[in-house]
Amino acid sequence: MYKPCSAKLLFPDAAWIWRQSREHDERDRRVQFRRSFELESAPESLELKITADSCYILWINGEYVNRGPARGFQRHWPFDRIEAAPFLRAGKNVIAVMVYQYGISNYSYAYENASGLLLSGQSGSINLGTGAAWKAREAPGYLRAVARASTQYGFQEFFDCRTGDDNWREINYDDADWRNIGRFEQRVAGSMPWHDFEERNIPLLTNNIVNPTGIVAIAKHRPVPDWRNNRNLCRIYYQEEISWQNASGNAQNVKFNPEVTGQVIDFGREVVGTVNFTVENAGAGEILGFMVCESLTGNSPDFPDKDRSVITSFAGRIILKDGVNRHELTMPWGFRYLVLFRRDPSDISVKVFVRQTVYPLEITGKFHASDENLNAIWKMSEHTQRCCMVDAYVDCPWRENAQWWGDALVQAKNTFKLSSDVRLFERGLRQIASQTAPNGLTYAMAPTCGHSCILPDYSAMWIITLYAHYWQTGTPAMWLELRDAADRIFSYFSEQTSGNGLLNFDDRYWLFLDWCPELFKNGAPTVYNLIYLWALQSALELAEVTGDGPRRHDYALRIEALKAAIAEKLYDRASKRLSDGITFQDEKADSCAPHTAALAIITGLFPEAHEQWLEEILLPLLRGNRTGMLLPSSYFMYYIFEAVKLKGRYRDVIGCIGRWWGEFAANDCSTTPENWLEKMETGSGSRCHAWSAHPLVNFSELILGVRQVAPGWKKIRFEPLMTQGRKAAGAAPTPHGPVEAEWDWTGPSPVKRILCPPGIELAEPENLA
């Protein structure tokens, strides 16, 4: 499932290095490393190989270079290749690295009680590899006994500029009192738990600077008496019950005076990265506090309700020294609004920016229409997908930064309307297969400590995404590599199939299906069984493509048995009604949710009932206003739309997106939330969630009209959904190059044009209604 790399070949003259903690506590710990060396001339090329556990931030001669490695598993730990030559010069040079150790497991990292930095490089006769020539120290200034910023991610950050500094990365910094790495602080590369290594196989993250756009609110309040001693900054905020006032101003230089205690800084849209602060006119011991959020209610920051369990509290504190203070936060956060607090009665000025760290996706997919509402939705969806691509597909960059694989099918489809880059998708497929329960079920995200987050429906979805990879690329290579993991998942499903032939709910695990509380999830849910059927159908096609007779035979038998059980236990042929499930007591549910009808259409079940389901269930949903029970979330609407598209009802899909996603844009959402705004809890729901960004898919396929009809984009159809008085143009990425398409019906008759790169066949249109 991965290609191991020999430690001796990769790091022949380097060792894992670390500083032992006097407190014997690795939680939220930072260690700084420096290596000084002289060069007669700047080299034309010098490759560094570098990794760390948990993560590193690399500077060369004071200039930021990279953060890494990509998330992974210690048994085959990822490393990065860095071209260092552009940062080097003749004379003295310094490599500076800070290693951050979570010291705990979370939803994107699995801690194995080991920490270290490993770097290899050679410049002429100079060995730059980590070892005795390196110096290290405990990173000063950081106060570690702080609150978690999120139960799924990391910690708040407190930094004392009086004892710590960010100048240690510079060439001329005096490190005379730093200690060289001792013999007992080195471990040979290849030592456990990092037995093997693997190439990153995805690009390094971006390093662009994003500045704020404006000040939107200020506060003048009386701080609570014990605010200095409370290490959880959200608790202070709740105690103070701040009233915010509308404001405007220069966010490039935020001025505080003794009256103003809080200011809300808007970055204009969601940002993902590390916040950088420069504070001037400070007095020693004064404190700048900060919190981040994704949205406002009026002019008040949306933090979690104080009367509920707090999901997130991304916040921190900088204790200032006299004069100028500079500090960059250690870990990236996702947010739109930065809230600054100055509770000391003084005049200070604050400059902030964010170092954006996202996947450097090369976007070739384009869309622009004469309808500005559609353009706003595309822009919002594109930015969402970008923010949710870091070193993995993440469900949201805010509360957890986790690679939830239930999002991945939609994320992949979104990506492929922006770029034909499959590398992040492939890395995730392998990582999900690398962490499983003993019975073969995959974890919902990986790497993770989320043992309560094993979702059988996500395991089935992982198999479906293997087929999505084949459909996009035209090669079954990923299936051939990972099909044994699929077999183990199918074995679990066989064990959970009851005597009536249906797949049953297993109360050891979380059956998600959708954020729809009323959806039937006990006994044998139909939606669960249909996802299982879809996985079997996907695997059957892959077995046929690869000429795998035994698997093809096995999957075909399973499919027929499951179809027969659904038909016998859940479907009424006379009324053409498909029930949402059956209880363990053999009682049939009296509902048929849109989820059930959509998946039955996608899997091709009971075609005689499709038109009835469209007219009675799916089209009323799309044409309505989200009222009533069994409402799909913005995530599950992807599958609703796919079903409706299969029946050729394209205008209903675009009409629904224009109204429902138009509400997001009209409410100043820079990214698509994880659910409808009326379903969101203040400060708790993600406002940047890629599973809601699927208008990208439908605008490209329907309005532009470029639809893939063969694996690997070998054949397409051009069937734009044209509207009199309007026009649209854009490009659809493919592995062969972008397909350019446009149409214009602002004249008396429509005009359309398409330009395909070599390797793509243009099929005849189907002329669906």
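Annotation for S494 and V210: the two label points, set 7 Å from Cα along the Cα-Cβ direction, are 4.8 nm apart. Note on R430: accessible area approximately 70 square angstrom, rounded to 10, probe 1.4 Å, nucleic acids and ligands left out.
Relative contact order of the stretch 32-101: 52 percent, from C-alpha pairs under 8 Å at least 6 residues apart in sequence. Applying both filters, DSSP loop and at most 13 other Cβ atoms within 10 Å, to the trypsin sites (Lys or Arg not before Pro) of the stretch 18-57 gives R22.
Accessible surface of W378, taken over heavy atoms with a 1.4 Å probe and every protein chain present, rounds to 10 Å².
For the stretch 222-342, the per residue solvent-accessible surface stands at 39 Å², with DNA, RNA and ligands left out and a 1.4 Å probe. Packing here is the average count of other Cβ atoms within 10 Å per residue, and on that basis the peptides 132-141, 268-277, highest first, run 268-277, 132-141.
With protein chains left intact and a 1.4 Å probe, residues in the stretch 516-572 average 38 Å² of accessible area per residue. Taking a straight line from the alpha carbon of K588, these aspartates and glutamates sit under 14 Å away, with near neighbours fewer than eight places off in the same chain left out: E568, D572, D580. Over the stretch 27-94, the hull volume per residue, using the convex hull of the C-alpha atoms, is 95 Å³. Counting protein heavy atoms only, the chain has 48 percent of its accessible area on carbon and sulfur, 1.4 angstrom probe.
Both numbers refer to the Cα atoms of the stretch 502-560; Rg and Dmax are 14.1, 42 Å. Using heavy atoms of the protein chains and a probe of 1.4 Å, the accessible area assigned to E544 is about 90 Å². Taking the Cα centroid of the stretch 357-381 and of the stretch 399-473, what is the distance between the two, rounded to the nearest whole Å? Taking the Cα centre of the stretch 399-473 as reference, the centre of the stretch 357-381 is 24 Å away.
Principal axis analysis of the Cα atoms in the stretch 613-769 yields extents of 50, 32, 32 Å, listed in decreasing size.
By the helix-only formula, in which each DSSP H run with n ≥ 4 contributes -39500 (n - 2.57) and the sum is divided by residues, the chain has a 222 nm mean residue ellipticity of -7000 deg cm²/dmol. The distance separating the Cα centre of the stretch 713-730 from that of the stretch 84-122 comes to 48 Å.
Under Stokes-Einstein, with the Kirkwood radius over Cα pairs as Rh, the value for the stretch 240-382 at 20 °C and 1.002 mPa s is 125 µm²/s. Considering only T473, A565, F341, whose Cα is most displaced toward the positive end of the charge dipole of the chain, charges sitting on Cβ of Lys, Arg (+1) and Asp, Glu (-1)? Final value for the positive-end residue is F341.
Here is the list for the stretch 53-127: trypsin sites (Lys or Arg not before Pro) lying in DSSP coil, each with at most 16 other C-beta atoms within 10 angstrom of its C-beta, are R75, R89. Fraction of C-alpha pairs exceeding 24 angstrom in the stretch 339-484: 43 percent, rounded to a whole number. For the chain, the relative contact order works out to 12 percent when only alpha carbon pairs closer than 8 Å and six or more residues apart are counted.
If R₀ is 25 angstrom, what is the calculated FRET efficiency for the pair E83 and R27, using the beta carbon separation as r and rounding to 0.05? So the FRET efficiency works out to roughly 0.15. Per residue, the stretch 156-209 exposes 52 Å² of accessible surface when a 1.4 Å probe is rolled over the protein heavy atoms with every protein chain present. For the stretch 642-695, the spherically averaged projection of the C-alpha convex hull amounts to 4.0 nm². Heavy-atom accessible area with a 1.4 Å probe sorts E382, E328, E112, largest first, into E112, E382, E328. If the limit is 25 Å between Cα atoms, which of K351/K679; K255/K321; K379/K714 go over it? Pairs exceeding the cut-off: K351/K679; K379/K714.
Looking at the stretch 228-268, which GluC sites (Glu not before Pro) are in a loop (DSSP not H, G, I, E or B) and have at most 16 other Cβ atoms within 10 Å? Of the GluC sites (Glu not before Pro), the ones in loops of the stretch 228-268 whose Cβ has at most 16 other Cβ atoms within 10 Å are E241, E259. Taking E719, E199 and ordering them by how much accessible surface each has at a 1.4 Å probe, largest first, produces E199, E719.
Just so you know, the Cα atoms of the stretch 537-689 work out to an Rg and Dmax of 18.4, 54 Å. Give me the distance between the Cα centres of the stretch 633-651 and the stretch 1-68, rounded to whole Å. Computed from Cα coordinates, the inter-centre distance equals 48 Å.
With the convex hull of the Cα atoms taken as the outline of the stretch 226-292, the averaged projected area works out to 6.0 nm². With only Cα atoms counted, the stretch 597-636 has Rg and Dmax values of 10.8, 28 Å. Candidate cross-link partners of K3 among the lysines, defined by an alpha-carbon separation under 24 Å and a same-chain spacing of 8 or more, comprise K49. Shown here: the stretch 423-500, whose C-alpha atoms stretch 38, 32, 16 Å along the first, second and third principal axes, sorted largest to smallest.
The values are calculated or read from the model by the stated rules, or taken from the named source; none is laboratory data. If you're wondering where the values come from, they're calculated on a predicted model, not measured in any experiment. Note: ideal-geometry Cβ built from the backbone for every residue, glycine included; neighbour counts use all protein chains shown. Each accessible area value is taken on the protein alone, full model and side chains, heavy atoms only, with ligands, DNA and RNA left out. Shrake-Rupley method; radii C 1.70, N 1.55, O 1.52, S 1.80 Å.
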